[in-house]
Each structure stands twice: as structure tokens, then as C-alpha cells.
């Protein structure tokens, strides 16, 4: 459905069900140059379970109008305004990749509003390779190919989708191709620049779940260790034979893991 | 500039879509000969029915063996996903039925496979869907034929049997300028010879019965979604953009983004029309894909020599193949199909219909039958078989004369093929002399 945030038309997916007043919210935040469609399966699942699904298209992404926001903190503040617009006082917050940093920042700075934090395919810091960042800065097509390539495990490049008949590489590539000029660079740069995260880890006072892919090239598991160690109530689910695009490669395992904290 | 090194065609044609079976280690794709799948528990069953989890519910909608084929062809075409069907004809019908409602209209090349022509000309009008046929070489004709109720443009990469090459880049521009998808039948070319999505097509259909399976053993079809068409750019496709009561008010574009079309095909056409591919058939097509490039190279090299031989033969009136400089699409074929255009083509024999029959009946290696794309060479007389339901006018429009003979060149030794054809021509010449 469309809502108004900062006087701009903003899209949130609700899992094909209307919100019910008083129900707990469940907020999903997508990764670099993506949109709400990466959460379709999980969103539909938890909507059926009675949660008010709030899967955003960040400004300048997917169906949402407006300019992209160039910092993780700015995105986090915007997410809070989108929650205010739908009168959601308390929510579980789930983010993938860049979206996991946004979810983390929301949980650290607005702890009263968050009941559970789930970070999918994550690390803090989240450095971005110079070649990728430069290609993205020049808005080269190869930047989208790089994001797609490194987001998937080696085995996923040969397929084996859990969603029958879906060619994962092709689907993510088309999604990335839909992003507007400058979006990839903006998002990658925001990830790169978010360096205050580890300090804020101690401020996370809700149960936290990290869902990591063992074969993640974008946010390697070794970079997630300090995050897991610094968040007081964190638990990690490691998915074998899975890359960074967990939403694409292992939607069933991701859903099962999230279900343990809902 | 940095480049991304992805798996190449021959690797994908052997591996894409499959991870070796976790339980048994089976290297070959297992044939999951089952109608349905046990749910982990009641809630998981509810989740499967509501598209919350990946997996299989009922083999009419999806099957693990068939899903490997769907992924593999999607990978080879560069699409986002595919749905396999019981035949190529079912693939065409399901793609059309997903996009066109009663009162809708199609603009199609008139150079089509006879079965597709029959569907468009005679059967779809019964359901309120009409078609305007256009000369595939008349690019402006496609533009002129578009009406407010037009919902797609349809063509074959290289038409069967007269080998007209469809100008995908130009006609896709016309389609997109009018907010229409371009649907391309790539049966005769396969993704090895041409990648329609790279040239501007939005949806690709195949009869996998032909070169993809490659051995004349299996009926199968595929619909592949390029994920490129913006269904929300127009109000012409409410079945993509609006809430679908048939699936709890799901909007396919909102929920599935670039995979909206193929998701609708699976959750409506596959579910409701039921033309699913049997898993054993999917297995046979998968075997075919493993040797696709090797076979296609041989099909093409044999064809090149046979075309040259026929073009110089005294008993041949004409040969229609894009290799020849007198073919109207010679340059276009070189541009769009640099590895070779097609192993299915036609020629006219001197003496017309009766002499043609003498020729066909004398052949030993070429089998007289209604199929193309077999590893074995095939021959047929379209006017009396595949295209017999077309009127004389429609036959003329499609360029099919009574003396036209269609060949599908196989992968046998080409010298033996040419010798077989020569035997046929000797018999034909003798009959012509007597007549």
C-alpha cells in the first residue's frame, strides 16, 4: 500500500493483508538497490501469522518516490517516520545487507520501539571494494553485475532455487537493473561510511538474531564476529552453502530462523 | 574495465538448475515421479499454499525434476524464470492466455508454425481473441496493425519452413513504444544460436520437443520470462498489476517484481489449464540440453553443406535459407545469428507436387515425418501435412507452395546425407522425364 512519508508517496508491502490495529508490527528493510520484493515470501508468512507487515521501499527505491538518503542514520530516521505514518508503536525489525545496518541503527537509537532485531547477511563495519565502488560511482552496468555476482555463493551461480523454476541470478540482476541512476553508489557508500556501529552495539537491548551465509563474499562471516560478540542478547544462525543473497538463496531457512524469534 | 566472470553456456547447459541430490549423491537429475509432496506439518502446508515458502505442492504446478529444466533454460536464455509445459503448443497457448483476455488482439508474423497459425487464426477467435498477421519483413506493418486492444506482438526467430528471420531489435522497439511485450518463439534456434532477451524480446517460448531435447523422443514446451517488461507502465495488463481474486487478492507485480509474468503463469495457467510437463519428459529434455551446443554446431555445419549442394542442383528450383545471398534476410541473419541461423529450411523441387513425393519416397536416411530438430534428418511436404489446414490463400501468404519440401538436417555424416538426397533427385529426375 502507499503511505505518505515526508510528503512523498511511499510504498510498503503488507504481505497482501491489511494491518490490524494493536497487532505487533514486523518491519523489513531491503538491501542495496533492491526493494520490498525480496521479502515477499517471509512477508506473506508473517502476515498470515497476524503481524502488521511493513516491508518498505526506501526513498528512491522500488515504488517509493523521493531522493535516496545517503547515510544509514538518515535511512533509520526515515524508517521511524514511516512507522509513525502507519501508527506502529512496536515492531520486530528485519534487514538484509544495507537494510541490516538500518535495522541495527533503528534498534540502537529507538530501543523503545523495537522488540526484536534480525540482521540478515550482515557485518559491521561493511566495507565495499574499491573496484565496485568506483564502478558504481560511474553508474556502470558492471557494478550491478558485480553486486549480483558477489551476492551469490559459488553453487548458487548454477541455480538450485527453492522457488521452482526461478533463475536466481537472472531475477536479482533484473531487480538491480530497475534501480535508478546513482542508487547503487549511494547505497554502497552509505554502507562503507557506517563506521559507528560497533560502538552502538551495546545500546541494542532487544533479542537479536544474525542470519549469516557461510559462503558470503560481500559480508564475510569473519567480519560479523565482533558484531555477534558485542550485541548483548545476540544469537547467530549460520546457513551452510549460502552466500550473501540469503533472501534469494535460502528463503526457507531464513524464514524458519526468523520464526524462532517471533 | 572490471569484468565479471560468470559460468559460460556449456557449463550452464550441463549444470544449471541442479545441485547434486543431498540424500543419494545422484549426479544425474533424479526423476521425481510423484504427484504430490508431504508437508512437514499443517502450518507448512498452509504456507506452501499461500506462497510463503519455496517448494512443491502438486506436480501440476511444479515438480523438482521439471524445475531443474525450467531453471536451466531460464539460465541459458538469460531470463528470470520459466514454466515447463506438456508441449510447445501448450507453451504458446499458456503465454497468450496469461496476457490476453476476451476481446484482446494479437499482432503476429504470418510466417508461423502451422499449429501456431491454426491456434491464432481459428481457435483463439472462439474465445474472443483475434490476430492480425503481418509480413515479418514489413516492419511498419507491425506498427500499423496495432489496435487499442492489442496485447502482444508474436513472432518466430527463424520461421518454419520458409526461414524468414524476425527482426527482434526493430520490432521490439515498436512493441515497447506501444507498451506491448514481444513474445518470441525460439524453437528452431534455441538459446545457443540466439538470445532473444538480449535483442529486446520480453518472453520466449520453446517447443522443447525439437532441438532442446534433440532426439525426437519427447513432447515438451517452455515459457521463459525475461523479467524486462514493465507491466505497470500501462493499464493494459490488469492481470499483472491488479489484485487477483483467484489468489487471495495477490498483485503479481507488487509481490514478484521482475518475475511477475512467470509467477502468474505458474499460479494461474499451470494451475488452471493443467498442461504440465511429466517429470520423465523433463529428464529427457535435460539430457538433451547437455549436448545442445555440440549438436547445434553439427546441425549447422551439416546444413551449410546441404544448402550449398541444393543451391547448385539442377533439380532444385529454389532454396530458402538465410545462408544464401539471395535470401531477403541474409544480412539480418548474419547480424542476429552469427553462429548460424537454422537447420530447418525448405526448397522447391522441379516438377511440383508429384515429383516431390517421388523424391521423398526414395529417401532412406531422411525420415518422412512431422517433426523437426531431431538428431536424425527429417523431410516433409508441408502443404499436405503440417500446414494442410491452412487455406490456399493462407498458404500463399506464408510462402508455402505445393512443391515446397522442408528439411530438418540432422547430425549424421553429411556425405551420407548428400548421397541420400542425390538418390532422391535421381528418382525424381527419372519421373520428371517420364511425365
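The values are calculated or read from the model by the stated rules, or taken from the named source; none is laboratory data. In this text the structure is predicted, and so the values were computed from the model without any measurement. Positions of Cβ are generated from backbone atoms using ideal geometry, with glycine treated the same way; all protein chains shown enter the neighbour counts.
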| note | Only one of B:222, B:199 is buried (at least 24 other Cβ atoms within 10 Å of the Cβ) and touching a strand residue (DSSP E or B) at 6+ places or on another chain (Cβ under 9 Å), namely B:222
| query | Here are some conditions: (1) over 28 Å from residue A:66 (Cβ atoms); (2) over 16 Å from the mean Cα position of the chain (by Cα). Residue A:210 meets all but one. Which one does it not meet? | reply | (2)
| task | Could you grab me the full set of residues in region B:249-289 that are assigned to a loop (DSSP other than H, G, I, E, B) and farther than 16 Å from residue B:70 by Cβ? | result | B:249, B:251, B:274
| request: Run residue A:135 past the list (1) surrounded by 23 or more Cβ atoms within 10 Å (Cβ to Cβ); (2) within 10 Å of chain B (Cβ to nearest Cβ); (3) under 27 Å from residue A:240 (Cβ atoms) and report the number of the one that doesn't hold. | output: (3)
| field | Residue that is nearest to the chain's Cα centre (by Cα), among those in region B:228-239 that are more than 11 Å from chain A (Cβ to nearest Cβ) and in a loop (DSSP other than H, G, I, E, B) | value | B:237
| request: Report yes if some residue within region B:127-146 is modelled with pLDDT of 95 or more, assigned to a helix (DSSP H, G or I), away from every other protein chain (no Cβ under 14 Å) and more than 23 Å from residue B:169 (Cβ to Cβ); otherwise report no. | output: yes
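Each row is one residue, and each column tells you yes or no for (1) at pLDDT 95 or above; (2) more than 13 Å from chain A (Cβ to nearest Cβ); (3) closer than 20 Å to residue B:170 by Cα.
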| residue | (1), (2), (3) |
| --- | --- |
| B:196 | yes, yes, yes |
| B:199 | yes, yes, yes |
| B:223 | yes, no, no |
| B:226 | yes, no, yes |
| B:241 | yes, no, no |
| B:245 | no, no, no |
| B:255 | yes, no, no |
| B:260 | yes, no, no |
| B:267 | yes, no, no |
| field | Scan of region B:72-92 for residues that are out of contact with any strand residue (DSSP E or B) (no Cβ under 7 Å at 6 or more places or on another chain) and either at pLDDT below 95 or at the interface with chain A (Cβ under 7 Å from one of its Cβ atoms) (or both), ordered by number | value | B:75, B:78
| said: One residue is enough: does region B:50-63 have a residue meeting the conditions in contact with a strand residue (DSSP E or B) (Cβ under 9 Å, 6 or more places away or on another chain) and away from chain A (no Cβ under 12 Å)? | reply: no
| field | residue A:161 being modelled with pLDDT of 95 or more, assigned to a loop (DSSP other than H, G, I, E, B), more than 10 Å from chain B (Cβ to nearest Cβ) and under 30 Å from residue B:76 (Cβ atoms) | value | no
| said: All but one of (1) surrounded by fewer than 22 Cβ atoms within 10 Å (Cβ to Cβ); (2) within 20 Å of the chain's Cα centre (by Cα) hold for residue B:276; state the number of the condition that does not hold. | reply: (1)
| note | Here the residues within region A:204-231 that are surrounded by 15 or more Cβ atoms within 10 Å (Cβ to Cβ), farther than 18 Å from residue A:243 by Cα and in contact with a helix residue (DSSP H, G or I) (Cβ under 9 Å, 6 or more places away or on another chain) are A:204, A:205, A:206, A:208, A:226, A:227, A:230, A:231
| Filtered residues of region A:234-245 (kept if within 13 Å of chain B (Cβ to nearest Cβ) and closer than 20 Å to residue A:149 by Cβ) | A:241, A:242
| task | Give the residues of region A:18-44 that are within 11 Å of another protein chain (Cβ to nearest Cβ) and either assigned to a helix (DSSP H, G or I) or under 21 Å from residue A:89 (Cβ atoms) (or both), sorted by residue number. | result | A:18, A:36, A:37, A:38, A:39, A:40, A:41, A:42, A:43, A:44
| said: Return the residues of region B:402-418 that are in a loop (DSSP other than H, G, I, E, B) and either out of contact with any strand residue (DSSP E or B) (no Cβ under 6 Å at 6 or more places or on another chain) or under 30 Å from residue B:294 (Cα atoms) (or both); say none if nothing qualifies. | reply: B:402, B:409, B:410, B:411, B:412, B:413
| query | Does region B:373-386 contain any residue that is out of contact with any strand residue (DSSP E or B) (no Cβ under 7 Å at 6 or more places or on another chain), closer than 27 Å to residue B:298 by Cβ and at pLDDT 95 or above? | reply | yes
| message | Being surrounded by fewer than 24 Cβ atoms within 10 Å (Cβ to Cβ), more than 7 Å from chain B (Cβ to nearest Cβ) and assigned to a helix (DSSP H, G or I) is the requirement here; does residue A:172 meet it? | response | no
| query | Any residue in region B:316-326 that is over 23 Å from residue B:356 (Cβ atoms) and within 18 Å of the chain's Cα centre (by Cα)? | reply | no
| Can residue A:125 be described as free of Cβ contacts under 8 Å to residues at least 12 places away in the same chain and either within 19 Å of residue A:34 (Cβ to Cβ) or outside any strand (DSSP E or B) (or both)? | no
| said: Just to check your reading of the model, which residue among B:359, B:347 is in a strand (DSSP E or B) and not assigned by TED's automatic domain parsing to the domain that holds residue B:116? | reply: B:347
| Is it true that residue B:421 is outside the structural domain of residue B:134 (by TED's automatic domain parsing) and part of a helix (DSSP H, G or I)? | yes
